[in-house]
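The values are calculated or read from the model by the stated rules, or taken from the named source; none is laboratory data. The shown structure was predicted, so the numbers you read here are calculated from the model rather than taken from an experiment. For accessibility, only protein heavy atoms count, side chains too; no ligands or nucleic acids. Shrake-Rupley method; radii C 1.70, N 1.55, O 1.52, S 1.80 Å.
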Amino acid sequence: MATQEAKTVDNADELNMYKAVARQFEKAAPFVDADKGLLDQISACNNLYSFTFPVLVEGKVQMFEGWRAEHSHHRKPLKGGIRYSLHVDEDEVKALASLMTYKCALVNVPFGGSKGAVKCDPYRTPVEVLEKITRRYTFELAHKNFIGPGVNVPAPDMGTGEREMAWMVDTYSTIHHGELDAFACVTGKPVSQGGISGRTEATGRGVYYGIVEACARDDDMDRLGLSVGTEGKRVVVQGFGNVAYHAASILQKEGGAKIIGIGEYNGCLYNPDGIDIDALQEHRKKTGYIQGFPGCEEIEDPKACLEMDCDILVPAAIENQITSDNAARVKAKIVAEGANGPTTPSGEEILLSKGVMILPDIFLNAGGVTVSYFEWTKNISHMRFGRMAKRFEVGRDHRMLDLIESVTGKPLAADRREALASGPNEIDLVRSGLWNTMADAYDEMKEVMANKEGVNDLRTAAFVVAINKIATSYEQLGIFP
Ligand code: GLU
């Protein structure tokens, strides 16, 4: 019994995300040339608003717990999602807020990190109650200046999406009637409510671009015994929510990868010949489950996907999935963290000792906040991307094609000409900006690994890059002369 209790305590410590992020920070800090006091300031969570609020549910008052953590104010506004979950607590919100700070710094998104949560079950709570919760939560944030286009800008996270963001912007605009930039108080909104094309797929697409960048380097692929590129890679994805679905679908359709396993909260699917992800999505929409999809072996244990034989494992569901308990049995050569905090520090040590390449969460899932930044920029500029330049670019491309035709004497077919001279739409620009952002961040991490002796893994490199930028910005603010 005593051993069991001790094990539980150990485990509780390992599974505490706040402590995990602190360990990640401490591992990277010695490689940053900054004052100890400044490093303490960077790692500390600046503000936490923790509150309860009442909502009338079926004629009775029910109390809900809510949080909004503001980790760092070195850049404003602060940015980060709102999580609806029964398992959320204060430490988790603070940890997730700090990950947002490092994520934004790494991918050059000029925001401080924040995160919010409400303890509720988003899947079993009636929609009208969810709406009341969301509106009341927004009101509480507005009341304490924890939301606003220049102050703190929430976004979707686990258990929330476009719908909740539309309720939030509506509530905020009601309170701040006439505020010109009110749309920019929250991102991840429906396109018709000031959102941006490509925000829904953004985190999954960012996961894809991050994997593409990692798989493009022949020295790394040689070391792992893999071929260069994503084509034909055997991939297992844990999760089938927004991030996991888009990551899997884009990896399959654009990257030519073979998705051989999918894990959900209630079991896994396995098919060594590949699973058609869009067909599986249709099946799940119709039946409510991934189970029953033709051609797949079904495994009851939801965590079995983590141990499947594959080239790339994408944990894109929840935190604390790869731990000291199962890391030794992970067979993937690359672990690509789509979720926030899916690998515990002890799990990571085991993976690294086996030579596994870990694409860390603060890099790999930064696509969401990157496109949120584009949405916020669109909102404060009050203009859709591409609106000014499109017709100009189409005209210029046609003139160029006319010239090529006259030199070669070969006219282009009309459909080919149109494809070559179409000019970018908002979605094209969003995807281009996102890919560039992921590629630059990957290069920055690799540069640290190449130039800092002792930095041997991408997570430590990502933290070094991020902490350096935050330290510089604090120094330039003049707080630490
Ligand atoms: N919830 C997402 C994340 O963890 C997106 C945050 C945002 O767009 O502000 O990165």
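For Lys119, list the aspartates and glutamates whose Cα falls under 17 Å from its own Cα; do not include residues on the same chain fewer than 8 positions away. Correct list for Lys119: Glu65, Asp89, Glu90, Asp91, Glu92, Glu128, Glu131, Glu140, Asp157, Glu164, Glu319. Accessible surface comparison of Leu477, Leu401, probe 1.4 Å, protein chains only, largest first: the order is Leu477, Leu401.
Beta-bridge orientation, the chain: approximately 50 percent antiparallel, per DSSP, counting only bridges with both partners inside. Rolling a 1.4 Å probe over the protein heavy atoms leaves Arg234 with an accessible area of roughly 70 Å². Show that you can apply the helix-only estimate: for the chain, add -39,500 (n - 2.57) for every DSSP H stretch of four or more residues, divide by all residues, and state [θ] at 222 nm to the nearest 500. Computed ellipticity for the chain at 222 nm equals -15000 deg cm²/dmol. Solvent-accessible surface of protein heavy atoms, probed at 1.4 angstrom with all chains present, puts Arg135, Arg417 in the order Arg135, Arg417, largest first.
What is the Cα centroid distance between the stretch 413-450 and the stretch 42-106, reported in whole angstrom? What the calculation gives is 33 Å, centre to centre. Volume of the convex hull of the chain (Cα atoms only), normalised per residue: 194 Å³.
Students often get this wrong, so check it: of Lys79/Lys285; Lys103/Lys233; Lys79/Lys189, which have C-alpha atoms separated by over 22 Å?
Lys79/Lys285; Lys103/Lys233
Using a probe of 1.4 Å on the protein chains alone, the accessible area found for Lys354 is around 90 Å². Here Ser406 sits with roughly 90 square angstrom of accessible surface, probe radius 1.4 Å. Summarising the amide proton neighbourhood of Ile259: residues at separation of 5 or more, or on other chains, whose placed amide H is nearer than 5 Å comprise Val235, Ile275.
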